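**Q** Quick one: the structure is below, and I'll ask about it shortly.
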Amino acid sequence: RGKLRGKVVYLNVFISFRILEEGKDGIPKHPYLYETDVEVSLVGGSCKSPVDKFWNGSSAVYILQKATHNEESNSMEESITDDAVYASEVLPKESPGALALSVGRAKQLISLYTMVQNPNITYLGISDLVVLPPLWARCDGSDPQHTCWIGAEPLKAGNKVTGLNIYMVSCAGPTADKTRFANLEELKMEHKIRHHSSVVTTKGFARYELIAAAAMEDTIAESGSNICVDVTWNGVEKVMETPPLISAATLNIALESGDPRSPVFHLYRELQFLLALAEGVKTGVTEWPEPSESESALKLVQEFLTDLKKKLDGDYIFGNKNETEKIKCDTAAVDSCIKSIFGERGDLDFTEQLWCKMKSKCVSSYQELIDCFTLVIKSLQRGEIQPWIHQGSSSFLSQLIQQSYHGKMEDVSLSDITPIQMLLEIGLEKMKKDYVSFFIGEPDTCSLPFQDYFISTSVGLQEQVHRAQKLHHVLEIMVSCTGLLQFRHENLFPLTQICMKYYKENPLNEKHVFQLPIRPALVKKFYQNDNPEVWKVEISSGHGQKEVKTTWQVSTNAPVEHGTSDNSGFLSDSTVNGSSEERLYFITMTQCSQVHFT
């Protein structure tokens, strides 16, 4: 009994004082060594929890796993002194990976944790009971149930612990043999017997990949892009059933820009040239593309200026607006805007057309850039051209053009980063107008969500370029949803708002998952004959803190990082009865039981 008391007190002091106290100003970056064989980490905040697939709690959690042995560390004695506690060694920052404890060792630690939290065990002499975060231990699946995680979560009434939820998570597979799948009625009966319940409720969850369902090639998956839908519903009738149309659905979109098959890939390449110029302005070093084998940018600019000189009789107007479709902010507007992505706008002014000439052949050297702008500036100084520019244009070249209208221009020194910045400015203005046009059609008809933020010129050039990158990412998302999922205005508009709001408050992040609530009927045709990536049923009984759940799940991806799957009796390839189209699934069961202290 004295030895047990020592172990319990040691664990209490270790996790409630050592880890919590040192982590009160933030989650500790390093795991801690408990005794000689257990590594303890406090996981929370922005760090993704390894148990979020089985547990939907939101608090920080202790993660216990087998220690990555440091041979030079001294073995800890079982004497429970403060010196021993604080001599526990912080493990190195880099760890070879997640190592699982034996199921027996994990159960022992959960038992000690339970005793630490039990206010009725007075002989331990723990005066100040602290409500600890939940504790989860990785297991090696060595028991017959193939247990991969064991968890304990305190049940609280105010600041008092009244009991614990104990979780047992088992995993097997992968298998393509659906005869190995559970029977729903048997799962419900097992839950009722275990928890002495007469009534249970069921809730279903299914996740389908829509990119694959829309017959996209593997290259988009390799890029890190993914579009999937999560569907939830009540009243599950059988395992692996297709969700009913009355379900709730959420579209999840994570999309990386730059897919060569995208209809806006030409814009992506244009943006990359813009980013190279921005980097040149920032660092003074610009990576120029290889010279074109066809006409040079300088020759295109010469021909462009010559053409303008011939049309100086006043009959020529840049961008015949009578030929530009008057677009309204309605369903037709979205279709028209998407179609306009495949070509240039019809209202390009002089600076925008100049940008198109110079980027189409990608000015191949700093000297060629200077030569191009020298031609333009001399033509303006001589009054050989009087180009039209958009009202409100703020680039340096636009200012020179406005000055030329009055026959007087300031001297320009095309040296250092000046020509690079001039090209960056006109390209940035052009691309911002492109994006606004794509999103809202005619700029005067309605406003883009958070438009002032994205097209603001009150911030520096680098920040303006960063915001243009954000707009491009949103555009890629809209085009993908339109092309792959046939979304129309009523679905694109709220998605645009969600994306714009995120990017007004956050930096560019092409790995972020944007979520849009939708009706299942909108995408059902893409998944109704497809197998889900994840299918789960949750069986529950009781209410409030007395609610207990049993969860049965299949997933195409392994639900745990540490290898605990049992392949005995399962097929190791993807064929069943001669079919090569069946998916391999991991089968996971999460069972909950309760321990009450009062």
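The values are calculated or read from the model by the stated rules, or taken from the named source; none is laboratory data. Everything quoted here is computed from the prediction, not taken from an experiment. Because the Cβ atoms are built from the backbone with ideal geometry, glycine has one as well, and the counts that use them run over all protein chains shown. The accessibility values were calculated without ligands, DNA or RNA, using every heavy atom of the protein model including side chains. Shrake-Rupley method; radii C 1.70, N 1.55, O 1.52, S 1.80 Å.
**Q** Along Cα→Cβ, 7 Å out, is where each label goes; now give me the distance between the ones at Cys47 and Lys378 in nm to one decimal.
**A** Distance between the two pseudo-spin positions: 6.5 nm.
**Q** Could you please put His406, His596, His191 in sequence from largest to smallest accessible area, using a 1.4 Å probe? Don't jump to the answer; show the numbers that get you there.
**A** Values: His406 155, His596 100, His191 0 Å².
If we order His406, His596, His191 from most to least accessible, we get His406, His596, His191.
**Q** For a Förster distance of 60 Å, can you work out the FRET efficiency between the beta-carbons of Val199 and His266, rounded to the nearest 0.05?
**A** Working: r = 60 Å, r/R0 = 1.00.
About 0.50, to the nearest 0.05.
**Q** Further, regarding this structure: Report the calculated FRET efficiency for Thr556 and Thr418 (r = Cβ-Cβ distance, R0 = 60 Å), to the nearest 0.05.
**A** Details: r = 55 Å, r/R0 = 0.92.
With R0 = 60 Å, the Cβ-Cβ based efficiency is 0.60.
**Q** Name the residue from Gln462, Val436, Ser404 whose Cα lies farthest towards the positive end of the charge dipole of the range 378-505, charges +1 on Cβ of Lys and Arg and -1 on Cβ of Asp and Glu.
**A** Among Gln462, Val436, Ser404, the one farthest towards the positive end of the dipole of the range 378-505 is Val436.
**Q** Rounded to the nearest 20 Debye, what is the dipole magnitude of the range 401-536 about its Cα centre when Lys and Arg each give +1 and Asp and Glu each give -1 at the C-beta?
**A** Working: 14 positive and 16 negative charges, 150 e Å.
Using Cβ point charges on Lys, Arg, Asp and Glu, the range 401-536 gives about 720 debye.
**Q** Now a separate question. Which of Lys48/Lys433; Lys203/Lys525; Lys48/Lys282 have a Cα-Cα distance over 29 Å?
**A** On the way: Lys48/Lys433 38 Å; Lys203/Lys525 23 Å; Lys48/Lys282 35 Å.
Pairs exceeding 29 Å: Lys48/Lys433; Lys48/Lys282.
**Q** Considering only DSSP states other than H, G, I, E and B, which trypsin sites (Lys or Arg not before Pro) in the range 510-541 qualify as loop sites with at most 16 other Cβ atoms within 10 Å?
**A** Lys511
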